[in-house]
Every structure is written in C-alpha cells, then in structure tokens.
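Just so you know, all these numbers are worked out from the coordinates, no wet-lab data involved. For clarity, every value in this text was computed on a predicted model and none was experimentally measured. Note: ideal-geometry Cβ built from the backbone for every residue, glycine included; neighbour counts use all protein chains shown.
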C-alpha cells in the first residue's frame, strides 16, 4: 500500500499557508534555533549561522550513501543547504556549513528541484541542515505539491533545534533524522559552542518521536515515516556514546532505529584538540555496537 505523505493532508486542509506565516515570523527577530540571535533576516542581517534571508543550496542529487531505508533502489533525493547553526569544529562538510559554499535558489527553483528528484525515482526529499531555512523550505511546498510532489520529506539535522519550530512542522515532515551528538555539556560546549545542546536535543527528539513514532517501512524496506536517529562515534568519547544510547533506550524507544556511525575523521579544526585529532579505533566502534545490543536497542544499525 502506498504511503501518502503527511504534508498532502496538511495542504488539503488549508493549514500549510498558516504554518508558513507562523514560521516567517521567526525570521524577524530570528528565533529559528536555540541560539536565538534575534537578527532581522528579512533585511539580510546575518546571525550566528551566517545564513541570509535568501535560500542557498550547495547541491541536490540522488544520494546512495545514506541509510538503506532511505536509499532503497533509486536513492535519497538529497538537498544540501548552505550554512549551519552548530558549526562543529570537526565538521566533515565545513566547506558548505561554515565556508558557505552554495548558490542562490528561489522558492520556485527549490520546488522544481524536489519534483526533479522525484522524477528521477528518489524515494524521499532529504533536506540536509534545514534548521535555518525552515520557513523558506515550507514556503516552496505549495508549488511542489501542486506540481505532483508525493514522496516523504526528511528533516536531516544536527539536533540543535527550536522546539517551537519542530512543533510547527507536525503534519509536514514525515521522517525526522536528527544527530544526537553529545550528552555531555562539556563536550558540546567545547566542540559545538552549545553548552545547552544535551538538554535541547533530548526535548527535540522526544517531540519528533511523539509526532512520527518509530521508523516505519513499506514492504520493500523503504522508509515511509518515523524517527531515524544518527550517532557519530567520536574518539575518546565512548562513555558519552553510552549515555546517548541509554537515553534513546530509556526515553525514546527500545524499537528506535539508531545508525551508529564509524566514519569520523578529523576535519576542519579538529586537529587543534588532541583527543579528537585521530580516527576512532575498532575497540571504540565495536564497543559502541556491543553496548547498544546489551541494552536492548535491537534496531541499532551500522553505516
């Protein structure tokens, strides 16, 4: 049975335009993320993320390197958005997130990009780092829907989100895919300049779970809706990884789909910190996997 994305009903019920208006109010003063810069994005003031009012996109393509339930046969229709509200010192996409590599796109262009990716057979539209562009993304949806968009939307984020913005996305986003980076405020302050990250991400992921539940797939194993959690195993941080996984088990769901990732390598300014200026060891990675199984996370995946 074909899954009908939630945004189709929200649009049909006449609620999408109301959400757009509410989200656009958060651009002046900008309160789209927990940093609460308060700049006037409408007049092109730049806050912490450095994103202007206009939408900037780095690339859009059928991605085959994402999680298997997203990739399927024809790939995940991935749209990499420029800039970021976290700017982790170890970011592996720092050219996009920190240096701002991207090009200006209008709302119609974004809508057409989504339709083009759907036409190529992509199983979903995967917005990477959408936090600071949520109003612009949602504003592009009516045109895309009227053009025939009918595949799930993926919110692929760093987990440092405004709970109010996530609440406004209920009935619009089908698959939430947050990173849970740290449970330690010391680590998040040191590596992301966001001491409140652990408290923020806990509340945000709980809200995402409330909206969409555990990750669900169709008969072909393609994700249709639900929560897909990512956690990147970091060098010297295995005890914090255990806290992340325990939080997921205890406060999200034992049936949560968690991708425990091994691809960390020191990028950007990671070399300035001895404890993360190396790749992870086999012992660190397989220790994380073993711990996930020990505590009963039966859907812990590897990537």
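Distance between the pseudo-spin-label points of residue 42 and residue 271 (7 Å out from Cα toward the beta carbon): 4.5 nm.
Rounded to the nearest 5, what % of DSSP beta bridges with both residues in the chain are antiparallel?
Within the chain, antiparallel bridges account for around 35 percent of the total.
Here each label is just a point 7 Å from Cα along the line to Cβ, and for residue 64 and residue 290 those points are 3.5 nm apart. Scaled to the globular estimate 2.2 N^0.38 Å, the Cα spread of region 175-281, given as radius of gyration, is 1.14.
Of the residues 216, 150, 103, the one that moves most in a GNM of the chain with alpha-carbon contacts below 10 Å is 103. Roughly what percent of Cα-Cα pairs across the chain reach past 24 Å? In whole percent, the long-distance tail amounts to 50. Taken along the Cα-to-beta-carbon direction at a fixed 7 Å, the label points for residue 25 and residue 74 span 3.9 nm.
With just the Cα atoms defining each centre, how far is region 211-234 from region 113-170? Give it in Å. With region 211-234 and region 113-170 each reduced to a Cα centre, they are spaced 16 Å. Averaging the Cα positions of each part gives two centres, and for region 276-303 and region 13-65 these lie 34 Å apart. When the Debye formula is applied to the Cα atoms of region 1-148, each taken as the same point scatterer, what base-10 log of I(q)/I(0) results at q = 0.15, 0.18 Å⁻¹? Here the Debye-derived log intensity ratios amount to -0.82, -1.15.
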